[in-house]
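Participant: Here's a structure for you.
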Amino acid sequence: MDIETKAVRDTASKGYAGQAESFPILLDTGTEHPKTNIPFVTVIDGRQFTGRSLSLVSATVSGLAGPELEGRERIAVLRFDFDGYTISLQVDVRISRTHAETGEVRLDFLEPTGEHLPTLRYLLNSYIAGDITSVDGIISLRERAAVSGSKKQPGQASIGNIVGRGLKMAATVAFSLALAGIAANLVYERVFSKEVKQLAVLSAGGQPLRAIASGQISYLDLGATRGEVLYTLQSVSGTTLSVNMPCDCRILPTRAGEGSTVMAGDAIVEVVDETATPIVQAVVSADQAKQLVSGDIAELRFSDGKVAFGSLAQNAEALTAVGNEGEMRALIEPNTELGSEAIGSPVSVRIISQRIFTLRQKLGQWFSEGAAS
């Protein structure tokens, strides 16, 4: 590139010193690269110069410049001080003194198309366009109001914009409610309710007749009436034990049958009288047993999707110990009538805090009344 030619075509206006300070832009007449008076500082060999004018190919600065800089090539740092930050550009320049008395120096860029060009062009164009303003030597960005011939007045938003904003707001509200629901459900399942690990079973609510010793069942009569032999047990000690039917009740079989080996305490049959009601037998942990004793509610979910609620039975056999890890067999009485066809079906049990259950019931009643009205 012909540096000298560029420098000649970019000669600064001699009347620059007489320009009024109020003019933000100085344009040369008849040149390809106009100079601007954008505020900047130049540092050469550690010496700072004040910027006077700047274009894409040269700059004019003033300061203490000795004669030894005349015709020299140096690296000049062009620094633009914004409000809160600074932009610095390194440019290879050739130095020429224009006014020895005033210290004015001309810097011709050796590589005008170097790496500094995009940033410098952006700064100069923004300054010419008025996007950059200067106050006391510090430049800052200024927001420009968009001007349009079809500018809409406030309150004249289109129906499409109104509908769009409404849909966005509705989506945001729905998403927030969904997140709140998920969080509430997690708190409900982890803090205020506990799931029973083992599946429970709905029994007829009768009286189980258990083996009085360990041995093998040699005889079992599911049609026995009161006073007749119900089952005969060959004990491990070699004795034969017979148990009579205690009442005129309905007999429900269990897993035990003739030829089965049982341990002492295993249920052989269940006898059900007319006053018996279905009851849920569940194996719960020691903590869950304490919750049931304190009055917490058991939520019962059946395989057909039916949901019922119940509480601990009020009898001597409501809680019996099973196993060696503190687990207990709990008898839970449902608070609703369950048909006999559900006898023997599996049940999923969850223990719910009594206070939370009462609050949930009140909320459900409130929503039901609101929907009805």
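Participant: Scan the strands (runs of 3 or more DSSP E) fully inside segment 200-274 and keep the ones with 3 or more residues being over 60 Å from the mean Cα position of the chain (by Cα) and not assigned by the TED database to the domain that holds residue 285. First the steps, then the outcome.
Facilitator: Working: elements: 200-203, 207-210, 215-220, 229-235, 240-244, 250-253, 267-272.
By residue number, 215-220, 229-235, 240-244.
Participant: Between a residue in segment 230-247 that is more than 18 Å from residue 267 (Cβ to Cβ) and hydroxyl-bearing (Ser, Thr, Tyr) and any residue that is open to solvent by less than 60 Å² (accessible area, probe 1.4 Å) and not in a loop (DSSP other than H, G, I, E, B), which pairs come within a Cβ distance under 7 Å, given they are 6 or more apart or on different chains?
Facilitator: 240/232
Participant: If you don't mind, there's one more thing I want to ask. Of 106, 97, which residue is of a type in the set (Lys, Arg), modelled with pLDDT under 85 and either in contact with a strand residue (DSSP E or B) (Cβ under 8 Å, 6 or more places away or on another chain) or part of a strand (DSSP E or B) (or both)?
Facilitator: Of 106, 97, the one residue that is of a type in the set (Lys, Arg), modelled with pLDDT under 85 and either in contact with a strand residue (DSSP E or B) (Cβ under 8 Å, 6 or more places away or on another chain) or part of a strand (DSSP E or B) (or both) is 97.
Participant: Name the one entry in 12, 7, 76 that is crowded, with 17+ Cβ neighbours inside 10 Å, at pLDDT 90 or above and either small (Gly, Ala, Ser) or touching a Ser or Thr at 6+ places or on another chain (Cβ under 6 Å) (or both). Spell out how you get there, then give the answer.
Facilitator: Values: 12 fails: at pLDDT 90 or above; 7 fails: at pLDDT 90 or above.
It is 76.
Participant: For segment 244-281, name all the residues that are modelled with pLDDT of 90 or more and hydrophobic (A, V, I, L, M, F, W, C).
Facilitator: 262, 263
Participant: Looking at segment 334-362 only, could you name the residues that are open to solvent by 40 Å² or more (accessible area, probe 1.4 Å) and either over 41 Å from the mean Cα position of the chain (by Cα) or not assigned by the TED database to the domain that holds residue 301 (or both)?
Facilitator: Once the filter is applied, which keeps residues that are open to solvent by 40 Å² or more (accessible area, probe 1.4 Å) and either over 41 Å from the mean Cα position of the chain (by Cα) or not assigned by the TED database to the domain that holds residue 301 (or both), segment 334-362 yields 337, 340, 341, 343, 344.
Participant: While we're on this one: Could you please find all residues in segment 308-352 being touching a helix residue (DSSP H, G or I) at 6+ places or on another chain (Cβ under 8 Å), within 22 Å of residue 210 (Cβ to Cβ) and among the β-branched types (Val, Ile, Thr)?
Facilitator: 332
Participant: Answer yes or no as to whether residue 90 is more than 16 Å from residue 118 (Cα to Cα) and either in the same structural domain as residue 124 (by the TED database) or open to solvent by 90 Å² or more (accessible area, probe 1.4 Å) (or both).
Facilitator: Working: more than 16 Å from residue 118 (Cα to Cα): no; either in the same structural domain as residue 124 (by the TED database) or open to solvent by 90 Å² or more (accessible area, probe 1.4 Å) (or both): yes.
Answer is no for this residue.
The values are calculated or read from the model by the stated rules, or taken from the named source; none is laboratory data. Worth saying up front: this structure is predicted, and the values here are computed from it rather than measured. Positions of Cβ are backbone-derived with ideal geometry, glycine not excepted, and every protein chain shown enters the neighbour counts. Ligands, DNA and RNA are stripped out before the accessible areas are found, and what is left, the full protein with its side chains, is counted by its heavy atoms. Shrake-Rupley method; radii C 1.70, N 1.55, O 1.52, S 1.80 Å.
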